[in-house]
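Colleague: Here it is, the structure, as structure tokens.
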Amino acid sequence: MIIADAFLWLHLPKTGGTSMNRLFQDRQISGITIDDDATSLKHDSVALRESRGTWRANARQRFITSRRLEDWLISDWAHKRRHMQLPELDFEPVRCGLFYSLRLGGTWVAADWWLQYFELDETVTALRLEALHDDLNRLVLPLLPEGTAPFDPPPRENSRPKTQPASAGFSPDDRRRIAAVNPRWDAWQTKVYGAGVAT
């Protein structure tokens, strides 16, 4: 979580959280606290953070980074295989719109679980991962101290090559099943990206 006087940012896993933290750490803006990347606290919901002590979100504007569901499912699965000692993690449940949750004790869960956990509703504003710098400048920069420089796009040499998304491997049946299992995320991404968001 990133917490400022006027806003907070909720860290949905696999939506550029490390990059987001770095953008704010590099600026060293006073009055902004950033959860350490090494702690699971970074994925706190508002309700969970408030339950731990006296901190309250109050009227802070809430932001969360969005990502297309199919790409999120692939990224989460690949991350757990590479970095969480699960090299044999089955891919078939992913085709059904499920992710493997260590937080819930090692079980397959609909991706919608995260949106419920963060209490995603109309009060939470999405920052599109695919247009993060544009959305930060449009939506978050006005909430930062006057004179804060705009967010620059990443250098061209560090940007990802324009390749076919990993989710292109999903069949039409997979896509229908993924959307049916995750109606909340499906509706959210349609609102954020518009109709025809399948990649």
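The values are calculated or read from the model by the stated rules, or taken from the named source; none is laboratory data. Please read these numbers as outputs of a predicted model, since none were measured by experiment. Virtual Cβ from ideal backbone geometry, glycine too; neighbours counted across all protein chains shown. For accessibility, only protein heavy atoms count, side chains too; no ligands or nucleic acids. Shrake-Rupley method; radii C 1.70, N 1.55, O 1.52, S 1.80 Å.
Colleague: Along the Cα→Cβ direction, 7 angstrom out, place labels at E92 and L48. What is the inter-label distance in nm?
Modeller: 3.0 nm
Colleague: Right, next: For the chain, take the longest principal axis of its alpha carbons; what is the angle in degrees between that and the long axis of helix 69-83, to the nearest 10 within 0 to 90?
Modeller: 90 degrees
Colleague: Leaving ligands, DNA and RNA out of it, rank I29, I178 by accessible area with a 1.4 Å probe, largest first.
Modeller: Descending order: I29, I178.
Colleague: Loop only per DSSP, at most 15 neighbouring Cβ atoms within 10 Å: give me the chymotrypsin sites (Phe, Trp or Tyr not before Pro) in the stretch 45-115, ordered by residue number.
Modeller: Sites meeting the loop and neighbour criteria: W55, F91.
Colleague: Would you work out the charge dipole size for the chain about its Cα centre, treating the Cβ of every Lys and Arg as +1 and the Cβ of every Asp and Glu as -1, and quote it to the nearest 20 debye?
Modeller: Using only the charged Cβ atoms, the result is roughly 140 debye.
Colleague: Mind giving me the FRET efficiency for L41 and A180? R0 is 35 Å, r the Cβ-Cβ distance, nearest 0.05 is fine.
Modeller: 0.60
Colleague: Follow-up question, since we're still on this one. Could you report the stretch 15-96's accessible area per residue, 1.4 Å probe, as an integer in Å²?
Modeller: On a per-residue basis, 53 Å².
Colleague: For the chain, with all protein chains present and a 1.4 Å probe, just round the carbon and sulfur fraction of the accessible area to a whole percent.
Modeller: Whole-percent figure for carbon plus sulfur exposure: 50.
Colleague: Also: Helix 183-193: angle to the longest alpha-carbon principal axis of the chain, degrees 0 to 90, nearest 10?
Modeller: Rounded to the nearest ten degrees, it is 60.
Colleague: Can you send over the solvent-accessible area of T123, 1.4 Å probe, protein chains only, in Å² to the nearest 10?
Modeller: Surface open to solvent at T123 totals about 80 Å².
Colleague: Please tell me the relative contact order of the stretch 26-166 in percent, rounded to the nearest whole number, where contacts are Cα pairs under 8 Å and at least six residues apart.
Modeller: 23 percent
Colleague: Would you mind calculating the gained length between Q28 and L139 on full extension (0.36 nm times residue separation, minus the Cα-Cα distance), in nm to one decimal?
Modeller: Extra length from Q28 to L139 when fully extended: 38.0 nm.
Colleague: How far apart, in nanometres, would the label points at D121 and W108 be if each is projected 7 angstrom from Cα along the Cα-to-Cβ direction?
Modeller: 3.2 nm
Colleague: Using the charge dipole of the chain (Lys, Arg: +1 at Cβ; Asp, Glu: -1 at Cβ; taken about the Cα centre), state which of H83, T54, F151 has its Cα farthest towards the positive end.
Modeller: So the residue furthest toward the plus end is H83.
Colleague: Now for a separate question. What number in nm² do you get for the stretch 12-168 if you take the convex hull of its Cα atoms and divide its surface by four?
Modeller: 11.0 nm²
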